[in-house]
Each structure stands twice: as structure tokens, then as C-alpha cells.
1. Restricting attention to segment 75-87, and to residues there that are under 12 Å from the mean Cα position of the chain (by Cα) and over 21 Å from Arg144 (Cβ atoms), which single residue is surrounded by the most Cβ atoms within 10 Å (Cβ to Cβ)?
2. Check segment 88-106 and report whether any residue there is on the phi > 0 side of the Ramachandran plot and loosely packed, with under 15 Cβ neighbours inside 10 Å.
3. Go through Leu46, Leu22, Leu37 for me and flag whichever is more than 30 Å from Gly179 (Cβ to Cβ) and touching a helix residue (DSSP H, G or I) at 6+ places or on another chain (Cβ under 8 Å).
4. Taking interchain pairs and intrachain pairs at least six residues apart, which have beta carbon atoms under 6 angstrom, with the first residue in segment 112-136 and free of Cβ contacts under 8 Å to residues at least 60 places away in the same chain and closer than 23 Å to Trp194 by Cβ and the second of a type outside the set (Lys, Arg) and more than 10 Å from the ligand (Cβ to nearest atom)?
5. Restricting attention to segment 162-179, does a residue exist that is within 11 Å of the ligand (Cβ to nearest atom), farther than 24 Å from Arg35 by Cα and aromatic (Phe, Trp, Tyr)?
6. Using beta carbons and a limit of 7 Å, which pairs, at least six apart or on different chains, have the first residue in segment 148-161 and free of Cβ contacts under 8 Å to residues at least 40 places away in the same chain and among the hydroxyl-bearing types (Ser, Thr, Tyr) and the second one within 6 Å of the ligand (Cβ to nearest atom) and not in a loop (DSSP other than H, G, I, E, B)?
7. Based on this model, can you work out whether Val170 counts as in a strand (DSSP E or B) and farther than 19 Å from Thr47 by Cα?
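None of the figures in this text is laboratory data; all of them are computed from the coordinates on show. Keep in mind the model is a prediction, meaning the values are calculated, not measured. Methodologically, a virtual Cβ is constructed for each residue, glycine included, from the backbone with ideal geometry; neighbour enumeration extends over all protein chains shown.
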Amino acid sequence: MNSPQSPDFATKPTLHGELVTLRPFRLDEDAPTLRSLLQDPEVGRLTGSDHGPTDPQPWSEHDEERMRAWYGTRNEQSDRLDLAVVDRETGSCVGEVVLNEWDGDNRSCNFRIALAEPGRNRGFGTEAARLIVGHGFEQLGLHRISLGVFAFNPRALRAYQKAGFVIEGVRRDALHYDGAWVDDTVMAILAPEWEQHRGRPRL
Ligand SMILES: CC(C)(COP(=O)(O)OP(=O)(O)OC[C@H]1O[C@@H](n2cnc3c(N)ncnc32)[C@H](O)[C@@H]1OP(=O)(O)O)[C@@H](O)C(=O)NCCC(=O)NCCS
């Protein structure tokens, strides 16, 4: 049986949109934004990393080491693509976008994104999703890109829909947050869909 050629995740592209550029991380330059993302309780809640409100903690040496170990090695990964989202107007990093969980047999990946507060609600998320998803289909040869979005995040759901992700179903009560159960909506986009609308579906 033919197995499709493995995609080239090791080459980290720079992808230009109208509002944002996606590029490989530059740790020293991007660190302030990455620190703020990791410290932001809203990001912890919306990404399902936290299970309830947390008191702000001072940024420790250990936090700094972990952040540097993680983001300092993203450009070396050969089975996933992590890129900084950069505001074209200021040239500053405003967040990150990721294709991970590569499944070679099924040519699929998971998608995730997190923007720091100054980068939100300005169309950046929608454009960043279009850019990396387009790269995933057109350069990496993916067939399917999927994600999960929690019920308390209608902004993310809307941005994903605008970029062409389609709701497939709901993982009920998938997250326990602050004493309440929260549904997780599964969304995905397929290569033939991308070919039709290139991230601009008729909604
Ligand atoms: C989710 C995220 C990537 C979206 O990116 P963004 O740049 O803020 O979103 P955009 O500006 O591209 O699009 C947001 C859309 O949602 C709409 N929207 C905003 N708040 C909304 C709300 N409370 N309910 C419904 N729609 C909402 C906006 O009006 C816009 O739609 P429109 O262009 O049709 O008017 C970004 O906000 C983010 O990173 N948030 C924090 C972390 C997070 O939620 N990560 C995703 C976890 S699944």
C-alpha cells in the first residue's frame, strides 16, 4: 500500500497576511508576549488548561526556565508546526498558532491558537487560522485539521467558522471549570473544502 510522503514540518515558514505575519519564534523578542500568554487566567480558562479561577502568581525562575525550554525548541520540531503570530503594524508578537498531533496514517493534525489581549478582536485570529490551515493543506499535504472549542468561547467558534472550520459534534461535559461542566465543540476542515473556499466559506 502506498503511504503518503511525510510532510515537511521541520521547515518553518514565514506566512504573510494583510494583518498578521506568522513566523518562527524569536525567543528574546517574543518572550514578553509569551510570558503574558502563560500568565493570563483568561487564556488558562479558554484553552481548558485551568479548572477554576486562580490568583495571579509572580512569575518565577522556574516559570521562566520552562517557558524558555518550550519556546526555545519549537523551531526544531519535525512533527509539528508552532509559529508566532506577529502584528504587521507594530512588528510585535501577539500570540501563537500551532498544528500538532500529526497523524501520518490519516494525514490529520490538531489546530490551536492563543492570542494575548492586545491582539484579540481585530481579525488576527481568523487570518492566522487561514494562513496556517492553508499551509497545512497546500504545503504539508494534510487532509484534515480539527480542533476543540469550549462552550464559553463563542468568539473562537466564530473565528474558526469564518476560516472554514465546520462543527462536527459536541463532547458533552468535557471540561470541569469552577464547579460547572462545559461542553467542547469539535470542529474540522477538510482538504477538499479548503480547495473550494480557501478559508472564506459562504456562511
Ligand atoms: C480565539 C481567538 C484566537 C480569536 O481570534 P480574534 O482575533 O480575537 O478573533 P477575530 O477578531 O478574528 O474574530 C472574532 C469573531 O468573533 C466575534 N465575536 C467576538 N466576541 C464574540 C462573542 N462573545 N460571541 C460571539 N461572537 C463574538 C467577532 O465579532 C468576530 O466576528 P465578525 O468578524 O463576524 O464580527 C483569540 O481571541 C484568542 O486567542 N483568545 C484567547 C485564547 C483562546 O480563546 N484560544 C482559543 C481556544 S479554543
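1. Val85
2. yes
3. That would be Leu22, the only listed residue that is more than 30 Å from Gly179 (Cβ to Cβ) and touching a helix residue (DSSP H, G or I) at 6+ places or on another chain (Cβ under 8 Å).
4. If the second residue must be of a type outside the set (Lys, Arg) and more than 10 Å from the ligand (Cβ to nearest atom), the pairs left are Gly136/Leu99; Gly136/Leu142; Gly136/Ile145.
5. Yes, that holds for at least one residue.
6. As it stands, the answer is Tyr160/Val149, since those pairs meet every condition given.
7. no
Conditions (1) in contact with a Lys or Arg (Cβ under 6 Å, 6 or more places away or on another chain); (2) among the β-branched types (Val, Ile, Thr); (3) more than 16 Å from the ligand (Cβ to nearest atom), marked per residue:
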| site | (1), (2), (3) |
| --- | --- |
| Met67 | no, no, yes |
| Trp70 | no, no, yes |
| Thr73 | no, yes, yes |
| Gln77 | no, no, yes |
| Val85 | no, yes, no |
| Arg107 | no, no, yes |
| Asn121 | no, no, no |
